[in-house]
1. Only residues in segment 226-252 that are over 24 Å from Leu270 (Cβ atoms) count as the first member; pair them with residues that are basic (Lys, Arg) and more than 10 Å from the ligand (Cβ to nearest atom), Cβ under 7 angstrom, at least 6 apart or cross-chain, and list the lot.
2. Those residues that are within 16 Å of the ligand (Cβ to nearest atom), under 15 Å from Asp200 (Cβ atoms) and open to solvent by 10 Å² or more (accessible area, probe 1.4 Å), I need them from segment 227-237; list them, please.
3. Among the residues of segment 238-257 satisfying the criterion of being open to solvent by less than 20 Å² (accessible area, probe 1.4 Å), of a type in the set (A, V, I, L, M) and more than 15 Å from the chain's Cα centre (by Cα), which is nearest to the ligand (Cβ to nearest atom)?
4. Spot the failing condition for Gln206; the list is (1) out of contact with any Gly (no Cβ under 8 Å at 6 or more places or on another chain); (2) within 14 Å of the ligand (Cβ to nearest atom); (3) open to solvent by 20 Å² or more (accessible area, probe 1.4 Å), and only one is missed.
5. So which of Ala68, Ala79, Ala83 is exposed (fewer than 15 other Cβ atoms within 10 Å of the Cβ), over 21 Å from Cys242 (Cα atoms) and either among the aliphatic types (A, V, I, L, M) or touching a residue at least 24 places away in the same chain (Cβ under 8 Å) (or both)?
6. Working only within segment 60-89, note down all residues that are within 10 Å of the ligand (Cβ to nearest atom) and among the small types (Gly, Ala, Ser).
7. Considering each residue of segment 22-39, count those that are touching a residue at least 40 places away in the same chain (Cβ under 8 Å), among the charged types (D, E, K, R) and buried (at least 16 other Cβ atoms within 10 Å of the Cβ), and give that number.
8. Give me the helices (runs of 4 or more DSSP H) completely within segment 167-275, filtered to those with at least 3 residues that are under 19 Å from Arg50 (Cα atoms) and of a type in the set (Gly, Ala, Ser), ordered by residue number.
Amino acid sequence: MNASQLPPAQTPAGTPAGQPETHPRSLYGGVVNRRVTVRDLAAAKQRGERWAMLTAYDSLTAGVFDEAGIPVLLVGDSAGNCALGYESTVPVTMDEMTMLSAAVVRGTKRAMVVGDLPFGSYQESPAQALRNAARLMKEAGVGAVKLEGGERSARTIELLTEAGIPVMAHIGLTPQSVHALGGYPVQGRGDEAAHKLQRDAKAVQQAGAFAVVLEAVPAELAAQVTGALAIPTVGIGAGADCDAQVLVWTDMAGMNPGRVPKFVKQYADLRAVLGQAAREYADEVRGGTFPDAEHSFK
Ligand code: KIV
């Protein structure tokens, strides 16, 4: 390793380079000049610092979240429903995920970008998973990949992590199995299902995952799993006791039409704002008041 290959100084904001740290490094503002890494997330769990993850599917929106200090952005295959107009995540392809992930990486400076492996891109064999995960890293530049499944995906997670690819696992409700599950039911209810979830969580940690998404899981069970794991849990519909939370950005910003799941909090109503802007623009064009002198060249 030469000097140009050394990672940038990991100095928290406000601490001069070379000086001992006087306060613990925070994901929010502590990592200022470089991308968030898996080590930062592990350290945040040690400190008990919670973090927020959002999905992103394009460079402009990703840039907004990056500037807002969101430490981890997921290019989820929820892009299928939320950006590409499919009915579910099932039709999403590797080509689509690669293009969207590359856009999110280009639009960001400090967030860790996690690229989702879409349905059919990793279930065939660990070798297929390695090929596609490597493609997301090489062609899109993501810092980590995510894949669904607990015990059933453990061998794949092991191979990817051995190859140097950070893996975020995803257990509980796994939307790529929508047809097998017959919808999107809450998981882990009842003793047997709870034990299965606990086994899945242990299996992905043992296999080397650096974090695990718990989707649609009773809050008490998610809290137990979070306490039992050394790696961070990222909850979505899994209560308040996970180490981190994730929301689909179009849900939390009010972009999606129709009903949102119970666990979604809407922090904005962008659909109304954009719709109003579009209507005003069309009215002004129709009425001849746009463009006016201010918006025309002399
Ligand atoms: O695809 C996605 O956006 C996800 C999150 C909901 C975790 O998997």
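The values are calculated or read from the model by the stated rules, or taken from the named source; none is laboratory data. All of these numbers come straight from a predicted model, not from anything done at the bench. Cβ sites come from the backbone with ideal geometry, for glycine too, and all protein chains shown count toward neighbours. Just the protein is used for accessible areas: all its heavy atoms, side chains included, with ligands, DNA and RNA removed. Shrake-Rupley method; radii C 1.70, N 1.55, O 1.52, S 1.80 Å.
1. Hits for this filter: Pro232/Lys45; Asp243/Lys45; Asp243/Arg50.
2. Listed by number, the list holds a single entry, Ile231.
3. Per the criteria, the residue is Ala238.
4. Tallying (1) out of contact with any Gly (no Cβ under 8 Å at 6 or more places or on another chain); (2) within 14 Å of the ligand (Cβ to nearest atom); (3) open to solvent by 20 Å² or more (accessible area, probe 1.4 Å), Gln206 fails exactly one: (2).
5. Details: Ala79 fails: exposed (fewer than 15 other Cβ atoms within 10 Å of the Cβ); Ala83 fails: exposed (fewer than 15 other Cβ atoms within 10 Å of the Cβ).
Within the list Ala68, Ala79, Ala83, the selection yields Ala68.
6. Taking segment 60-89 and keeping what is within 10 Å of the ligand (Cβ to nearest atom), we get 74-82, 89.
Listed by number, the residues that qualify are Gly76, Ser78, Ala79, Gly80.
7. Residues that pass the stated criteria total 1.
8. On the way: elements: 178-181, 191-207, 219-228, 249-252.
Here the list reads 219-228.
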